[in-house]
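First the structure, in the form of structure tokens, and then the observations on it.
The values are calculated or read from the model by the stated rules, or taken from the named source; none is laboratory data. A quick note: this is a predicted structure, and the numbers were derived from the prediction, not measured. Counting neighbours? That spans all protein chains shown, and the Cβs are built from the backbone with ideal geometry, glycine included.
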Amino acid sequence: MELNKKTIIVTGASSGIGKAAASLFAAEGAQVVLGARRAGNLEIVAERVKSAGGEAAWLAGDVREHGYAQALVDLAIGKFGKLDGAFNNAGAVGAMTPVPDMDVANWNDVIATNLTSAFLAAKAQIPVMTAHGGGSIVFTSSFVGYSNGGLPGMAAYAASKAGLVGLAQSLGSEHAAANVRVNALLPGGTVTPAGGEGNPDVLAFVSGLHPMKRMASPTEIAQAALFLLSDRSTFMTGSPMLVDGGMSVRLT
């Protein structure tokens, strides 16, 4: 029970990595507070956690909205009395197009969803964790935008995910003395709705880019997030942790 009686926020919890993390964290003893935009899907995930014997609360909303991160923290405190960790995982790829052809609206949306939302989450989560003696925050970044992982047509996504590494490093330094750890998780290609799930051609192409010649399952990435949120990683903060099937090695 790696997260026994820890209260953990998970965003992007209605599908993909977030959905897998919700089930895994609950199975490891966490009380999970689930966030995503799709209320129906989110409720199903929460009910599955409960039916498996776990504890879950949920609140639908948009991570781009300033009050949503605070609302999730308030739900955690109101329901479980504390906040021990957060897996700030919600994200968007956006339109894949060269910068000269990219709409400013697409750029702003991807940055808001992936990077500004993490700033808002940390702003709401850190004071509560500090007041209760510490905690662990994990951002879902990507190998894209890090370690020679830039891919054509993904400038907005790469910029936002690279920004998450910088944000984690700065926050990790700022709040280490308060026992609040902040790390970035950098997955490789993962079989999710945003990662080509259901499209054999996309899955085959992305799998072939990896030295392991396959993509990750959402649970494999959730396992890495579990490590960063658990007491097994208590001397880690400000770290960009690659879980990318060797992509960074191939591209270096």
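Some points to look at:
- Among the residues here, Ala204 does not qualify as in contact (Cβ under 8 Å) with a residue 12 or more places away in the chain and of a type in the set (A, V, I, L, M).
- If you go through the stretch 194-222 and keep only what is surrounded by 17 or more Cβ atoms within 10 Å (Cβ to Cβ) and within 19 Å of the chain's Cα centre (by Cα), you end up with Gly195, Gly196, Met215, Ala216, Pro218, Glu220, Ile221, Ala222.
- Lone qualifier among Ser141, Ser160 - being touching a Gly at 6+ places or on another chain (Cβ under 8 Å) and surrounded by 22 or more Cβ atoms within 10 Å (Cβ to Cβ): Ser160
- On inspection, Val45 passes the criterion of being β-branched (Val, Ile, Thr), touching a Phe, Trp or Tyr at 6+ places or on another chain (Cβ under 9 Å) and modelled with pLDDT of 95 or more.
- Number of positions in the stretch 123-170 that are assigned to a loop (DSSP other than H, G, I, E, B), more than 13 Å from Asn88 (Cα to Cα) and in contact (Cβ under 8 Å) with a residue 60 or more places away in the chain: 6
- Residues of the stretch 17-43 satisfying the condition of being surrounded by 23 or more Cβ atoms within 10 Å (Cβ to Cβ) and under 16 Å from Ala92 (Cα atoms): Ile17, Gly18, Lys19, Gly35, Ala36
- When Ala95 is tested against the conditions (1) in contact with a helix residue (DSSP H, G or I) (Cβ under 8 Å, 6 or more places away or on another chain); (2) within 26 Å of Ser230 (Cα to Cα); (3) surrounded by fewer than 21 Cβ atoms within 10 Å (Cβ to Cβ), the lone failure is (2).
- Pairs, first more than 16 Å from Asp84 (Cβ to Cβ) in the stretch 223-236, second modelled with pLDDT under 95 and among the hydrophobic types (A, V, I, L, M, F, W, C), C-beta under 7 Å, six or more apart: Ala224/Val243
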